[in-house]
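Each value in this text was obtained by applying a stated rule to the coordinates, not by laboratory testing. On a predicted model such as this, the values are computed, not experimentally measured, just so you know. Here Cβ is always computed from backbone atoms with ideal geometry, including for glycine, and neighbour counts include all displayed protein chains.
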Amino acid sequence: MFVENYETEKNCTMKKFQMVCYAAIMAVMIGSVGCVSTGNDDQESTPGFITVEDGQFMRNGQPYYFVGTNFWYGAILGSEGEGGNRERLCRELDFMKSHGIDNLRILVGGEGENGLLGKIEPNLQSEPGVYNDEGLAGLDYLMMELGKRNMTAVLYFNNAWEWSGGYTQYVAWANEEPVLVPRVDGWFSYNEFAGEFVRNERAKQLFYDHVRFMVSRTNRYTGVRYIDDPAIFSWQISNEPRAFSSETQDNKEAFEQWIAESARLIRELDPNHMISTGSEGYYGCEWDMALCERIHALDEISYINCHVWPYNWKWMRGDNMVADLDSSCANTKEYIDMHIGLGHSINKPVVVEEFGMPRDNMDFHKGSPVVCRDKYYTFVFDLILKDKEQNGPFAGCNFWSWGGFAKTNVEDHEYWAKGDDYTGDPAQEQQGLNSIFVEDSSTLNIIREANRQLGNL
């Protein structure tokens, strides 16, 4: 997820034997440790790995297009420890599946200490190499439940932003110093500190250790190695990885090298799954399209990522959303078209892995109007449908973000507090800002219809 001050810097084949084993294990585990699904499990075909062939995603021999979502807290819900709620997790998955939402982008990190301003918790890794086993169990449980429903996950390891630790926590560990908190220490200091990550060999090695640990895991509930699990859509290096160059330090070369090293490491560990960057695209590459092309043209990178944020990028004013909607849509199309062009150039699919729109008039309350959001979502989905008709590379999107059945406490406090339900809005943003809840029926109908037209229902 982006940060509130985004603009202050400048002003996103398994072997048949393995498949048979996986299906058998799933059949046993569904009856023993899994929660009850209301989906049509019996009608689901045994899934295979999603791959890229001639610039298109392929799933079970057919082109695959999708409207998915960001569900960063999915592994936390799967835990039986702090923050866990397996009953809610299963309800969320069944509800999403009923709307054709079968591609979920999920955090498999969370580093450092709890209790920091604007930071989610609990953390997965409290110290380098020290993992919260309940959190790992939560991820295992989530992956098992996704497999039952023929759903997939994009699993991202790192975060350029503070809300899950990420860049700055690795730098703090490497330098044995306190981590910076942007809303306390200032965004300029944060950006300088975060920019050190791609240059700090110790910080990068700690991150590579995390990658090795996660990719090499075996699911405790299913006995399936992660590298053999078709419920993983792709491994993703980071949420919105950036160079964080400054007036005193150009980090773009080091950033590019880190992306390449990370991708090679993942491929060495896992020959089966796709790999993605998690980049915002042109904006995330410091307005350098050549850099964006180079990191996505790497042999190990399977497809192109970009993110689009009209409000955060100041294409839209919060107090004048209706008036600014048309220009926001025009800017969105121009931005996505840049990356579609790149997709044609390097023959890889394009996924807009984050996009969102606040509720009308910046109202954070559930049930408040979402007229602008509905129009914007429709606009983005239509771009996918039109590109599909032309066999183009624009293959999917993940809206930000899934709030589902969460209860909010915005009447009492706007920002997430310990004990609150998790929504799609992380701790540094107001509850309900961009989340899609089950009460948002008009938006959900638009999502469902798009997935129907894309062949996911």
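Our estimate of slack between R183 and R294, defined as 0.36 nm per intervening residue step minus the Cα-Cα distance, is 36.6 nm. Remark: the range 188-205, residue by residue, has Karplus-estimated 3J(HN,Hα) of 4, 4, 4, 4, 4, 5, 5, x, 6, 3, 6, 9, 8, 5, 5, 4, 5, 5 Hz, where x stands for each Gly or Pro and the curve is 6.51 cos²θ - 1.76 cosθ + 1.60 at θ = phi - 60°.
Restricting attention to the chain, close to 25% of DSSP beta bridges with both partner residues there are antiparallel. Counted over all Cα-Cα pairs of the chain, pairs farther apart than 30 Å make up 39 percent.
In a simple Cβ point-charge model (Lys, Arg +1; Asp, Glu -1; nothing else charged), the chain has a dipole of about 1320 debye relative to its Cα centre. Between the listed residues N150, Q257, G278, the Cα displaced farthest toward the positive end of the dipole of the chain, a dipole computed from Cβ unit charges relative to the Cα centre, is found at N150. Across the range 409-457, Cα pairs under 8 Å and at least six residues apart give a relative contact order of 23 percent.
Below 23 Å, Cα to Cα, which lysines can K314 reach? Residues fewer than 8 away in the same chain don't count. Within the straight-line limit of under 23 Å, K314 reaches these lysines: K10, K333, K375. Listed by chain and number, the aspartates and glutamates whose C-alpha is less than 12 Å from the C-alpha of K252, apart from same-chain residues fewer than 8 away, are E196, E286, D288.
Straight-line reach from K418: taking Cα to Cα under 25 Å and skipping same-chain neighbours fewer than 8 places apart, the lysines in range are K119, K366, K407. Taking amide H as placed 1.01 Å from N in the peptide plane, G100 has no amide H partner under 5 Å among residues 5 or more places away or on another chain. Taking trypsin sites (Lys or Arg not before Pro) across the range 165-204, none is in a DSSP loop with at most 10 further Cβ atoms lying within 10 angstrom of its Cβ.
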